[in-house]
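K.L.:
Pasting a structure here, questions to come.
The values are calculated or read from the model by the stated rules, or taken from the named source; none is laboratory data. Nothing here was measured: the structure is a model prediction, and the numbers come from that model. Neighbour counts are summed over all protein chains in view; Cβ atoms, including those assigned to glycine, are modelled from backbone coordinates with ideal geometry. For the accessible areas, the whole protein counts, side chains as well, though only heavy atoms, and no ligand, DNA or RNA atoms are used. Shrake-Rupley method; radii C 1.70, N 1.55, O 1.52, S 1.80 Å.
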Amino acid sequence: MNRLLLLSAAVLLTACGSGETDKIGRVSTVFNMLGKNDRIEVEGFDDPDVRGVSCYISYAKKGGLKEMVNLEEDASDASVSCVQTASSISFDETAVRKPKEIFKHGTSFAFKSRQIVRYYDPKRKTFAYLVYSDKIVQGSPKNSLSVVSCFGSNLQTNMPQAGTSGKMLAGACIISNPIENPDKR
């Protein structure tokens, strides 16, 4: 009985999704007589570990009667675009070195989710954001990738910056705890 209760709670938490996002907009794609229309939704959020980077995700959302009773299964189609949204990007290089899931949202009542994973390339001082969806049994190969480089904008690196003592400057990035030899992983 307790196992059934725990499984039910896990399914409900998965269906709810996680993460703080802002609803940016939506556009209807298919009219439904009953319930909401099928649509594409756009959300935005800030990377929690990389200050100065924001990501935007668009995805297909099913409407109709199934959505009203929370039984719809959304398509695996999604796109992500991440951009620099501050004058500089700052992060702890040792903290971002390992891949991290920074967004997860349930796309069906149970067993299917959409997520964004952040990867960091220390050699090129670049972040790669991958969006994909998966199921417990079988995922989807549909994916989208967005990249943000420290060298995408220009922060003066030849002049000392306030508050950067003991930190490394690379393009628009202020890096705490820099990795000594980024070629060795």
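K.L.:
Of the residues 19, 25, which is under 26 Å from the mean Cα position of the chain (by Cα), modelled with pLDDT of 75 or more, of a type outside the set (Ser, Thr, Tyr) and loosely packed, with under 15 Cβ neighbours inside 10 Å?
P.N.:
Step by step, each of 19, 25 is checked, and only 25 is under 26 Å from the mean Cα position of the chain (by Cα), modelled with pLDDT of 75 or more, of a type outside the set (Ser, Thr, Tyr) and loosely packed, with under 15 Cβ neighbours inside 10 Å.
K.L.:
Further, regarding this structure: Return the residue satisfying two criteria in turn: it lies in segment 28-52 and is within 12 Å of the chain's Cα centre (by Cα) and either of a type in the set (Asp, Glu) or under 19 Å from residue 143 (Cβ atoms) (or both), and of such residues it is surrounded by the fewest Cβ atoms within 10 Å (Cβ to Cβ).
P.N.:
49
K.L.:
OK, next. Check segment 77-84 and report whether any residue there is at pLDDT 65 or above, out of contact with any Phe, Trp or Tyr (no Cβ under 8 Å at 6 or more places or on another chain), surrounded by fewer than 17 Cβ atoms within 10 Å (Cβ to Cβ) and of a type outside the set (A, V, I, L, M, F, W, C).
P.N.:
No, segment 77-84 contains no residue that is at pLDDT 65 or above, out of contact with any Phe, Trp or Tyr (no Cβ under 8 Å at 6 or more places or on another chain), surrounded by fewer than 17 Cβ atoms within 10 Å (Cβ to Cβ) and of a type outside the set (A, V, I, L, M, F, W, C).
K.L.:
Just one of the numbered conditions (1) outside any loop (DSSP other than H, G, I, E, B); (2) at pLDDT below 70 is not true of residue 128; which one?
P.N.:
Residue 128 satisfies all of (1) outside any loop (DSSP other than H, G, I, E, B); (2) at pLDDT below 70 except (2).
K.L.:
Return the residues of segment 53-69 that are open to solvent by less than 70 Å² (accessible area, probe 1.4 Å) and either modelled with pLDDT of 85 or more or not basic (Lys, Arg) (or both); say none if nothing qualifies.
P.N.:
Once the filter is applied, which keeps residues that are open to solvent by less than 70 Å² (accessible area, probe 1.4 Å) and either modelled with pLDDT of 85 or more or not basic (Lys, Arg) (or both), segment 53-69 yields 53, 54, 55, 57, 58, 59, 60, 63, 64, 67.
K.L.:
Do you know which of the residues in segment 141-185 that are among the basic types (Lys, Arg) and modelled with pLDDT of 70 or more is surrounded by the most Cβ atoms within 10 Å (Cβ to Cβ)?
P.N.:
167
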